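Inspection log for the structure reproduced underneath, given as structure tokens.
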Amino acid sequence: MEFEPRNNTEEALHDYKLGLGTFTQKMPDIAHHFNAFTEACFKDGTLSQKEKQLIALGISIYSQDEYCIIYHTKGCLDQGASEEEILEAIGVTAAFGGGAAMSQAVTLVQECISDLNQYKQ
């Protein structure tokens, strides 16, 4: 059965997953090591997974990486971050990234939050 995204956020997450799967098939050793490193970085430690996702979202916004912005917005919500916590983290990011960071926050991040919360019930 073919995947039918319900919104732009689901479509982007699906495209990312497909691309990562293709890369993993072609470069399994690199993908394995990258995934292991990433998993270790995002495990609970002194910082919680939620705090780490908020940091990752800020870095994603600052670097203008749309797939990571979507992925880490979802990560923030999955780890229990409230919309207010996400927006506060975005405010800190905008303090460093200026208008470019703020434009991602007022468009892409808010669209993701809306899309992802739409089916939470």
Under 7 Å between Cβ atoms, at least 6 apart or on separate chains: pull out the pairs that start in the range 7-33 with a residue that is under 14 Å from residue 69 (Cα atoms) and in contact (Cβ under 8 Å) with a residue 40 or more places away in the chain and end on any residue that is among the aromatic types (Phe, Trp, Tyr) and assigned to a helix (DSSP H, G or I).
12/67; 13/71; 16/67; 16/71
From 21, 45, grab the single residue that is exposed (fewer than 13 other Cβ atoms within 10 Å of the Cβ) and either assigned to a loop (DSSP other than H, G, I, E, B) or touching a strand residue (DSSP E or B) at 6+ places or on another chain (Cβ under 8 Å) (or both).
45
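Please pick out the residue among 55, 69 that is out of contact with any Ser or Thr (no Cβ under 9 Å at 6 or more places or on another chain) and either open to solvent by 90 Å² or more (accessible area, probe 1.4 Å) or in a helix (DSSP H, G or I) (or both).
55
Hey, among 8, 35, which residue is touching an Asp or Glu at 6+ places or on another chain (Cβ under 8 Å) and open to solvent by 40 Å² or more (accessible area, probe 1.4 Å)?
Details: 35 fails: touching an Asp or Glu at 6+ places or on another chain (Cβ under 8 Å).
The match here is 8.
The values are calculated or read from the model by the stated rules, or taken from the named source; none is laboratory data. Predicted model, so just to flag it, every value in this text is computed and none were measured. Neighbour counts run over all protein chains shown; Cβ positions are idealised from the backbone, glycine included. Areas reflect the complete protein model, heavy atoms only, side chains present, ligands, DNA and RNA absent. Shrake-Rupley method; radii C 1.70, N 1.55, O 1.52, S 1.80 Å.
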